[in-house]
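Everything on this sheet refers to the single structure shown next.
No value in this document is a laboratory result; all are computed from the given coordinates. All of these numbers come straight from a predicted model, not from anything done at the bench. In this analysis, Cβ positions are derived from the backbone assuming ideal geometry, glycine residues included, and neighbour counts consider all displayed protein chains.
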Amino acid sequence: MEKLYRGILICFLLVGTAYGASAQEFMGDSVSTEAASTEQFYDSLKHKAYRHRITRLVYDNLVSPKGVANQQLLEQELFQLNQLEGKTIASVRVQQLDIIGPSFADTSRVSHTWLGQTANRLHTQTNEKIIYQNVLVYPGDTLNVEQVLDNERIIRRLPFIKDVRFLVRQDSLNMEMVHVTVLTKDVFSFGIGGSINGLKAASLEMYNKNIWGAGHEISGKIVGHVDREPYVGFESNYTINNIGGNFLNISLGYADTYERHGGALVFEKEFLRTTTKWGGGLTAARWKRADRLIDDGPIILDFDLDYRYYDAWGGYAFQLNKDVPYRNKQLVWSGRMRFYDFFKRPEPDIGNRQYFADSKFYLTSLSLSKRSYYRDYLIYSYGITEDIPKGYLHELVIGYDDNEFTDRLYSHLYFSSGNFIRYKPSFLFASAGIGGFFGPDRFEQGQIEVNGSYISRLYPFGRKSFRQFIKLNYILGIRRFDVENLFLNRDYGIRGFNSDEPAGKQRLTLSFESVLFSPKKILDFNFAFFGFVDVGVIGSNKHLVFTQDYYAGVGAGVRIRNENLVFRTLQLRLSFYPNHPADIGGLGAVFNERSKTQFYSFQPRKPDMLRFE
């Protein structure tokens with residue numbers, strides 16, 4: 001036992017010594033040198049630990065070098081930037097890395113596999129002009145650390161960029177000057193995907209997120225159904241990001257499938273930065289056949305809709321803390337006009353006529369926003385840098401529905417906040433909203449909602465690591481239309497619970513998920529194993545939610561992702577439903593694609609209604 005304690009003590013002393021040495025040496029070293037030093041330390045520690053059986057066991061089950069090294073690297077980069085803050089930028093250049101082989105820690109590393117070398121040859125690197133359009137620091141500027149980190153975040157949002165680093169070094173002759181290198185790494189932009197919906201429907205999609213290296217996105221999807229015409233249909237979409245460096249995006253889409261036939265054109269300029277003054281957008285759509293009002297709408301119909309849709313909005317942000325532009329608050333006033341004109345719709349009646357009515361809907365909002373970002377690893381991605389937002393977004397929305405049946409007023413209040421708790425990497429998000437329509441004689445289509453989300457810090461588990469995720473959602477409908485119902489089979493329900501029988505105007509869901517990130521890779525594919533418990537309560541809005549029907553799902557699975565590729569995450573999931581309705585079984589298995597979960601950003605947005613879904 002004494003030898004065991006001695007071995008553990010030696011391990012901790014070595015770790016402490018290495019951290020102290022790294023902190024002292026960093027001021028004169030580059031990020032690459034520090035990463036190499038960290039790797040050498042772990043190699044040395046492993047060599048010493050493997051001399052004895054007990055210390056080998058301690059090393060294998062307690063030391064997780066990847067998570068420690070990644071977090072240490074971020075801290076060292078931030079330390080170096082802070083040392084150079086306030087100096088004048090002499091030059092800015094872009095350096096692009098091959099998609100397979102090199103890393104930010106070792107830019108000289110090359111791929112020795114046939115697959116990696118072939119991928120590097122086939123891939124078209126992003127045109128440097130596109131990268132420069134997204135760089136917001138210029139020669140002659142004063143180096144601002146928060147501006148640099150925010151610029152990294154903006155570039156990381158691009159769908160064709162895997163990760164980015166702004167490396168800053170001091171000029172060798174003038175101590176007041178620094179040189180900035182924007183180090184970027186693309187993803188392999190070509191992807192393929194698909195889905196199978198029972199025995200009757202399927203789709204196959206091909207897409208390129210960076211066609212010709214110009215930063216443009218293009219996709220094409222073949223959609224088939226054995227019973228509904230057209231039996232074989234087609235969808236396509238084309239997107240251009242950040243036109244002319246103005247952060248204006250444009251998207252054009254067309255579809256002719258059994259679900260919908262028509263097209264849409266979208267312009268959008270978000271309040272992407274805390275210093276953005278103007279935002280706005282325009283959408284024009286004509287759907288000759290559609291199973292819903294808008295994409296991902298809460299109501300999907302068997303009836304084919306035929307309508308045209310126009311949507312325009314704009315907003316101005318008043319900067320409340322101009323002296324600290326990257327920590328400032330924004331007071332944003334926005335206005336919006338939404339126009340629906342139906343040519344074919346369900347027969348209007350008291351239960352749906354407001355929902356499928358020709359209308360001009362005018363909205364205005366006043367919102368208060370504050371946000372900043374913290375960099376971390378292994379949350380929704382698998383080893384690349386992720387930007388966790390903290391701050392708040394509070395908004396008041398008022399609207400007037402100029403409706404062919406009955407004119408109505410609309411209003412809602414929405415509050416949201418997110419911050420780190422106890423341990424800095426642990427994150428808690430909460431939001432609440434209340435609102436609805438005011439008709440001539442009553443309040444209708446109202447709702448109350450409460451949301452919560454918790455992300456734990458990254459815990460070491462041997463040479464692996466894991467996080468705990470908890471999500472809470474409660475929504476209460478007030479005088480909703482008959483056609484409007486909540487279910488447990490969507491994003492806020494029980495995963496894999498594909499039943500339409502449990503429905504109602506009130507729902508409470510609670511989800512627990514533990515994710516174990518494995519350091520092992522196969523051809524650069526990362527693996528994350530997860531287990532989950534989902535609980536849902538759903539029913540009438542006339543009684544307490546706890547007196548309604550209870551359902552649950554329990555299961556486990558694995559997610560597979562290669563961050564060098566643009567492919568969506570692959571997921572294999574096994575589920576058990578102890579109390580299931582008659583239209584589904586008690587066991588479920590699915591292998592599908594999964595889009596990456598996005599953080600709530602506290603970014604000011606266009607005026608909109610609360611979503612009942």
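Some notes on this structure:
- In the chain, helices alone account for a calculated mean residue ellipticity at 222 nm of -5500 deg cm²/dmol, with every DSSP H run of four or more residues adding -39,500 (n - 2.57).
- For the chain, the share of alpha carbon pairs falling in successive 20 Å distance bins from zero is 16, 50, 29, 5, 0 percent.
- Segment 397-463 and segment 474-504 have Cα centres lying 17 Å from one another.
- FRET efficiency, T597 to A432 (Cβ-Cβ, R0 25 Å, nearest 0.05): 0.75
- Restricting attention to segment 182-315, the count of lysine pairs at 8 or more positions apart or across chains with alpha carbons under 20 Å apart stands at 6.
- Stokes-Einstein diffusion coefficient of segment 475-613, Kirkwood radius over Cα pairs, 10 °C, 1.306 mPa s, in µm²/s: 93 µm²/s
- Once the Cβ-Cβ distance of K542 and R611 is raised to the sixth power relative to R0 = 35 Å, the FRET efficiency obtained is 0.95.
- Distance between the pseudo-spin-label points of L574 and R442 (7 Å out from Cα toward the beta carbon): 5.0 nm.
- With each label modelled as a point 7 angstrom along the Cα→C-beta vector, the N419-T113 pair spans 4.5 nm.
- Here the Karplus curve 6.51 cos²θ - 1.76 cosθ + 1.60, taken at θ = phi - 60°, turns the phi angles of segment 162-167 into couplings of 6, 6, 8, 9, 9, 8 Hz, with x standing for Gly and Pro.
- Rounded Å value of the spacing that divides the Cα centres of segment 216-238 and segment 352-389: 28 Å
- The packing ranking, built from the mean of other Cβ atoms within 10 Å per residue, places the peptides 522-528, 433-439 in the order 433-439, 522-528, highest first.
- Per the Kirkwood formula applied to alpha carbons, segment 509-565 shows a radius of gyration over Rh ratio, Rg over Rh, of 1.26.
- Fewest-first sequence of V397, V554 by Cβ atoms within 10 Å of each Cβ: V554, V397
- Estimated FRET transfer efficiency (L320, V226; beta-carbon r; R0 56 Å; 0.05): 0.45
- Rule-of-thumb Rg ratio for segment 443-522 [Cα; 2.2 N^0.38 Å; N residues]: 1.51
- Potential lengthening between L396 and A503 on full extension [0.36 nm per residue; Cα-Cα distance subtracted]: 35.5 nm
- Gain on full stretching of the segment that runs from I243 to Y374 - 0.36 nm per residue minus C-alpha separation: 44.4 nm
- Under the span-like rule (Cα at least 18 Å along the axis, Kyte-Doolittle mean at least 0.0), DSSP H helices of the chain: 2-25
- The distance from the alpha carbon centre of segment 169-186 to that of segment 529-579 is 47 Å, rounded to a whole number.
- In straight-distance terms, cross-link reach from K87 covers every one of the aspartates and glutamates whose alpha-carbon lies under 15 Å from its own, apart from those fewer than eight places away in the same chain; here that gives D141, E146, D171, E176.
- Spatial extent of segment 260-594: Rg and Dmax, with the Cα atoms as the point set, Å: 22.2, 65
- Highest average packing first - 196-204, 258-266, 166-174, Cβ atoms within 10 Å: 258-266, 166-174, 196-204
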